[in-house]
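Data first, discussion second: the structure below is written as structure tokens.
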Amino acid sequence: MEDVATAERMVAVNLAGALTALRLALDLFDGSRPGRIVVIASLAAYIGSPESPVYAATKAGLRTACLSLRPALAARDVGVTIANPGYLADKVADGAASWRPFAMPADEAARRIVKAARRSRAEIAFPWQMALLVRLLASLPVRLRERLYARISGDPVARDA
Ligand SMILES: NC(=O)c1ccc[n+]([C@@H]2O[C@H](COP(=O)([O-])OP(=O)(O)OC[C@H]3O[C@@H](n4cnc5c(N)ncnc54)[C@H](OP(=O)(O)O)[C@@H]3O)[C@@H](O)[C@H]2O)c1
């Protein structure tokens with residue numbers, strides 16, 4: 001699990017900071033001009049992450065808040081696109097998972113996010129292989145999901161849980 005300082009910073013930046021931006025959008029847009037907000041969550045928002053539980057919690061919280069705010073923002077003619085990337089190939093942070101299947105270059109991820117925003121998509125998740133796996137895992141009972149995740153990823157943390 002992330003140390004306390006890292007966890008507090010993640011909550012402040014990933015969740016509180018992003019929610020402040022969304023609140024500002026609610027205040028700024030009055031329906032007289034259209035807008036679109038693009039929020040970067042993560043596939044970790046769907047099922048969590050044994051390596052980075054606080055990170056996953058911030059992304060799940062952000063995704064849920066965006067889904068909750070969509071109707072109020074739509075009433076002001078502001079759309080919201082939630083992007084849920086899997087692993088990015090050239091962005092390996094300290095403490096990140098060593099198992100990074102289907103990792104995608106950041107510029108390819110950015111292209112997909114821009115395309116989704118231009119098409120007014122509510123939500124996108126990619127790469128499709130990981131998005132499918134995550135959705136499948138999310139639909140399973142927790143213990144079965146944990147066993148499957150451990151088997152697929154070889155993650156000792158998940159295997160011992
Ligand atoms: N990397 C992955 O595998 C991965 C996977 C799924 C989702 N994501 C998500 O995709 C997004 C980009 O990830 P990344 O790996 O490209 O991250 P990154 O390289 O670390 O970039 C993070 C960005 O956030 C900015 N930032 C950090 N702290 C800030 C603060 N306190 N106030 C304002 N801006 C701040 C940074 O600005 P500076 O450049 O000025 O420091 C930087 O532009 C993140 O939301 C991440 O959670 C990443």
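Residue by residue through the stretch 1-10, note down the ones that are among the aliphatic types (A, V, I, L, M) and either surrounded by 17 or more Cβ atoms within 10 Å (Cβ to Cβ) or within 14 Å of Ser49 (Cα to Cα) (or both). Give the derivation first.
Step one: list which residues in the stretch 1-10 are among the aliphatic types (A, V, I, L, M), which gives 1, 4-5, 7, 10.
Scanning the stretch 1-10 gives Met1, Ala7, Met10.
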(message) If I go through the stretch 18-29 residue by residue, how many of them are of a type in the set (Gly, Ala, Ser) and either loosely packed, with under 13 Cβ neighbours inside 10 Å or in contact with a Lys or Arg (Cβ under 7 Å, 6 or more places away or on another chain) (or both)?
(response) 1
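Among residues belonging to the stretch 30-44 that are part of a loop (DSSP other than H, G, I, E, B) and surrounded by fewer than 19 Cβ atoms within 10 Å (Cβ to Cβ), point out the one that is farthest from the chain's Cα centre (by Cα).
Quick first cut of the stretch 30-44, residues part of a loop (DSSP other than H, G, I, E, B) only: 30-34, 41-43.
Next cut, surrounded by fewer than 19 Cβ atoms within 10 Å (Cβ to Cβ) only: 30-34.
Working: Asp30: 28, Gly31: 28, Ser32: 30, Arg33: 28, Pro34: 25 Å.
If we take residues in the stretch 30-44 being part of a loop (DSSP other than H, G, I, E, B) and surrounded by fewer than 19 Cβ atoms within 10 Å (Cβ to Cβ), then Ser32 is farthest from the chain's Cα centre (by Cα).
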(message) Between Ala117, Ala93, which is at pLDDT below 90 and of a type in the set (A, V, I, L, M, F, W, C)?
(response) Ala93
(message) I'm trying to understand the selection: among the residues of the stretch 2-24, which are within 11 Å of the ligand (Cβ to nearest atom) and of a type in the set (Lys, Arg)?
(response) Arg9
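The values are calculated or read from the model by the stated rules, or taken from the named source; none is laboratory data. Predicted model only: the values in this text are computed from it and were never measured. Cβ coordinates were reconstructed from backbone atoms using ideal geometry, including for glycine residues, and neighbour counts include every protein chain displayed.
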